[in-house]
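Structure below; questions to follow.
The values are calculated or read from the model by the stated rules, or taken from the named source; none is laboratory data. Everything numeric in this text was worked out from a predicted model, so none of it was measured. As a convention, Cβ positions derive from the backbone with ideal geometry for all residues, glycine included, and neighbour counts pool all protein chains shown. Areas reflect the complete protein model, heavy atoms only, side chains present, ligands, DNA and RNA absent. Shrake-Rupley method; radii C 1.70, N 1.55, O 1.52, S 1.80 Å.
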Amino acid sequence: MALFDTSQPLASEFQDQGRQSRVSVLRLPRAAVPLPSHKTDDLVATSLPARTGAGALLTSYLAGLRENVADCGPAELRRLGTVALDLAVTFLAARLDSATALPVESRRRVLLTRINAFIDHNLHSPDLGPATIAAHHHISIRLLHALFEEEPETVSATIRRRRLERSRTDLVDPRLRHRTIGEIAARWGFRHPAAFSRTFREAYGISPTEARTAPRDNQPCTPR
């Protein structure tokens, strides 16, 4: 990953790896970057780490945005763009050791993005919950719940909904017909098949078995 300044000449070369190169470009207006210009200029035309820490989170987010942008509306794209900007600024601040210069709201959104990414990557773990999330991000459980107060749902509800959505996707996937309902439930962090079936019915109004056999057009899309 690299940073360049559009006010300066630019020449780029890419290694020939036997396949077409794909490049994602994120435009950052200088006025939107609350960091000293004389410091950020030192990062221009240098190699920046893209596989660890904030760099890995930023590149993963941009890659996912690129793949799913066609399904997003204008208002949603504006919100997603704000998150991308916050991630980029946080990444640059970390390279400059200037994280304290970031606005409070930017730090909040970036922390939420990191937490949501952690949740998505650990849905399979039955132990995933507020305590493990808070410990991983070195914050208190109280602060974690405070972060989600402005979100549509609590952290526990977020975990539950995403687990149910992943489970439902697997249940209606014909390639996974060989897996039992219990195996699918366990794959997404549900310890007990009976509890999973009860939670699934409460959310979708049908049982996991009915979801597996119902026509795809009649499938509920999101938990209630």
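Restricting things to alpha carbons, tell me how big the stretch 108-224 is in terms of Rg and Dmax, in Å.
15.2, 45
While we're looking at this one, here's another question. Of the heavy-atom accessible surface of the chain (probe 1.4 angstrom), what whole percent is carbon and sulfur? Before the final figure, lay out each step's value.
Values: 7490 of 14230 Å².
Its accessible area is 53 percent carbon and sulfur atoms.
What do you get for trypsin sites (Lys or Arg not before Pro) in the stretch 3-42 restricted to DSSP loop and a cutoff of at most 12 other Cβ within 10 Å of the site's Cβ? Provide the component values of the computation, followed by the final result.
Working: sites: 19, 22, 27, 30, 39; in loops: 19, 22, 27.
Passing both the DSSP loop test and the Cβ count: 19, 22, 27.
With only Lys, Arg, Asp and Glu charged, each at its Cβ (+1 for the first two, -1 for the last two), find how big the charge dipole of the chain is about the Cα centre; round to the nearest 20 debye. Walk me through the intermediate numbers first.
Details: 31 positive and 24 negative charges, 139 e Å.
Charge dipole of the chain: 660 debye, to the nearest 20.
What percentages make up the Cα-Cα pair-distance distribution of the stretch 1-124 when the bins are 5 Å wide from 0?
The percentages, shortest bin first, are 2, 9, 18, 22, 21, 14, 9, 3, 1, 0.
Amide H to amide H, which residues 5 or more places from residue 3 or on other chains are under 5 Å from it, using H placed in the peptide plane?
Residues meeting the amide H criterion: 45, 46.
To the nearest whole percent, what portion of all C-alpha pairs in the stretch 5-57 is separated by more than 16 angstrom? If you can, show how the numbers build up before the last one.
Numbers: 843 of 1378 pairs.
Above the 16 Å cut-off, the stretch 5-57 has 61 percent of its Cα pairs.
Gain in length, residue 210 to residue 135, computed as 0.36 nm per residue apart minus the alpha-carbon separation, to one decimal in nm?
On the way: separation 75, 0.36 × 75 = 27.00 nm, distance 3.82 nm.
Gain on extension, residue 210 to residue 135, equals 23.2 nm.
Let me ask another. Distance from the Cα centre of the stretch 11-59 to that of the stretch 126-145, in angstrom?
31 Å
What does the charge count near residue 126 come to, summing +1 for each Lys or Arg and -1 for each Asp or Glu among other residues with Cβ under 15 Å from its Cβ? Before the final figure, lay out each step's value.
Values: positive: 160, 162, 163, 166, 187, 191; negative: 127, 183.
For residues surrounding residue 126, the net value is +4.
Using the heavy atoms of the protein chains alone and a 1.4 angstrom probe, what is the accessible area of the chain per residue in square angstrom? Provide the component values of the computation, followed by the final result.
Details: 14230 Å² over 224 residues.
Here the per-residue accessible area is 64 Å².
Let me see the pair-distance distribution of the stretch 28-75: every alpha carbon pair, 5 Å bin width, integer percents in order.
Distribution as computed: 5, 16, 15, 21, 22, 12, 8, 1 percent.
Sticking with this structure for a sec: Which value in Å is the Kirkwood Rh of the chain over different Cα pairs?
Working: mean 1/r = 0.0492 Å⁻¹.
The answer is 20.3 Å.
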